[in-house]
1. Mind checking the full-extension length gain between Val395 and Met1? Use 0.36 nm per residue of separation minus the Cα-Cα distance, one decimal, nm.
2. When Lys and Arg each count +1 and Asp and Glu each count -1, what net charge do the other residues less than 12 Å away from Ala109, Cβ to Cβ, add up to?
3. Skipping prolines and chain starts, which residues have an amide H placed within reach, meaning under 5 Å, of the one on Ser28, given they are 5 or more residues away or on another chain?
4. For the chain, with the dipole built from +1 on Lys and Arg beta-carbon atoms and -1 on Asp and Glu ones, taken about the Cα centre, which of Gln391, Gly125, Thr16 lies farthest toward the positive end?
5. State to the nearest 20 debye the size of the charge dipole of the chain about its Cα centre, where the only charges are +1 on K and R beta carbons and -1 on D and E beta carbons.
6. What's the magnitude of the charge dipole for segment 36-117 around its Cα centre, counting Lys and Arg as +1 and Asp and Glu as -1 at the beta-carbon? Answer in Debye, nearest 20.
7. Positive end of the charge dipole of the chain (Lys, Arg +1 and Asp, Glu -1 on Cβ, about the Cα centre): tell me which of Phe297, Thr186, His279 has its Cα farthest that way.
8. Got the relative contact order for the chain handy, in percent, Cα pairs under 8 Å and 6 or more residues apart?
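Every read-out reported here was derived from the displayed coordinates using simple, explicitly stated rules and does not represent laboratory data. In this text the structure is predicted, and so the values were computed from the model without any measurement. Note that we place each Cβ from the backbone using ideal geometry, even for glycine, and neighbour counts take in every protein chain shown.
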Amino acid sequence: MYDYIIIGGGIVGTSTAWQLSQRCPGTSILLLEKEKNLALHQTGRNSGVIHAGVYYQPGSLKSLFCRNGNDMVYRFCQEYGLPWENCGKLIVATNPAEFVRMEKLYQRARENLIDVEWLNRDQLGEREPHIVGVGAFLVRKTGITDYRLFTGKMAEQFNKAGGEIRLGTEVIDLKEMADEVRVETTKGDFAARHLITCAGLMSDRLVRMLGLKANFQIVPFRGEYYQLPRNKRDIIHHLIYPVPDPDLPFLGVHLTRMIDGSVTVGPNAVLALKREGYHKGDVSLRDLKEMAIFRGFWKMIRENLSSGIVEYKNSFFKSGYLGLIRKYCPEIETGDLEPYPAGVRAQAVDNKGALIHDFLFVNSKRSINVCNAPSPAATSALPIGGYILDQAARVFN
Ligand SMILES: Cc1cc2nc3c(=O)[nH]c(=O)nc-3n(C[C@H](O)[C@H](O)[C@H](O)COP(=O)(O)OP(=O)(O)OC[C@H]3O[C@@H](n4cnc5c(N)ncnc54)[C@H](O)[C@@H]3O)c2cc1C
């Protein structure tokens with residue numbers, strides 16, 4: 001019998017496992033991951049951005065964890081010799097309507113105590129000669145790293161502290177008893193006094209396995225990327241973001257300098273027909289069926305129909321996708337969009353069809369379940385892990 005079993009070897013589960021091993025030495029902890037390696041889903045298929053926390057509702061968990069997480073990611077990378085760069089990002093408005101929304105976003109950034117600098121058209125041109133806009137603001141603390149390496153380093157430290165990781169071990173059923181939780185997997189059964197689930201795209205399924213009430217369901221949104229050719233990589237010095245739609249939890253197609261030197265274009269946000277479906281043709285009948293019988297799904301579709309259709313159109317026609325980028329970077333041409341692997345976001349949607357913006361947790365007597373951990377959960381993974389452990393101290397006595 002373990003003291004703790006943690007399910008999910010993405011950045012959130014690994015951060016929780018590692019921090020638990022530091023806070024409570026001698027505790028027996030088992031981390032279960034269904035894939036052959038850690039960080040193969042959202043954690044290993046993202047933009048690698050260390051967000052500063054501009055966008056989030058002041059007072060929300062996202063706002064708090066992102067700001068703290070930003071500092072902690074830089075410190076962790078320095079302490080453990082991981083690659084990082086504090087390149088800063090520009091949020092660029094390209095027309096008067098976006099300018100108004102950008103002003104609001106700038107105010108929100110200041111409410112969130114983020115270090116930002118307003119730039120007029122000329123100042124934007126001085127900083128980024130290849131980018132055009134009617135104005136922009138600079139977010140100094142935004143940076144880049146590699147979250148797969150980051151997760152690997154936490155796992156290494158967890159192992160050193162005596163923690164156990166079992167890869168290729170999929171959890172297929174859970175039973176919470178009076179004094180333990182039984183965990184049935186494809187590699188045999190385990191038991192623990194306490195359970196923490198951090199299952200990303202599968203988070204709602206684990207909550208249902210425990211028999212807990214889940215007023216939400218995960219809806220997968222594929223984020224498709226391209227990358228620029230080598231000769232266009234120095235077209236930007238910062239990360240370049242558009243002004244996002246404030247009603248959606250997605251940031252818009254941006255230009256991102258990756259830590260390996262490449263520059264990605266994306267991601268968009270297309271409804272995926274399979275939770276771990278990284279290619280356009282990927283379909284899962286099980287995932288489709290679950291979506292089809294979920295009330296919230298149809299309400300969400302009705303509310304977001306027009307933006308959903310535009311996303312599909314731009315996904316299938318490169319010219320539409322290109323148009324999103326050329327608004328602020330007109331030099332990019334169709335031939336500059338080279339293939340790059342996609343990611344899939346786990347987005348929780350509630351029964352009324354609303355996309356849940358903040359991080360969401362559901363607890364029981366013996367379990368804590370991370371139900372919604374979309375972007376910026378990679379940046380925020382250390383504070384999320386800390387928060388889970390604070391909750392564990394309270395909920396589990
Ligand atoms: C396209 C894209 C771009 C993003 N960009 C950024 C960014 O730039 N900056 C940022 O901060 N955030 C970003 N994010 C968000 C960030 O990547 C995620 O929020 C974060 O990685 C979530 O981590 P996680 O551990 O919760 O989930 P995951 O990384 O998905 O890990 C969950 C793990 O649980 C495992 N699992 C699931 N079910 C079971 C089971 N039954 N048994 C055993 N194991 C199981 C899975 O195999 C998986 O490894 C982005 C996300 C996407 C998709």
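1. 139.9 nm
2. Details: positive: Arg67, Lys89, Lys104, Arg108, Arg110, Arg140, Lys141; negative: Glu103, Glu111, Asp115, Glu117.
Surrounding charge for Ala109 is +3.
3. Under 5 Å from the amide H of Ser28 lie the amide H atoms of Asp3, Tyr4, each far enough along the sequence or on another chain.
4. Gln391
5. 580 debye
6. Details: 10 positive and 8 negative charges, 71 e Å.
Dipole of segment 36-117, to the nearest 20 debye: 340 debye.
7. Phe297
8. 23 percent
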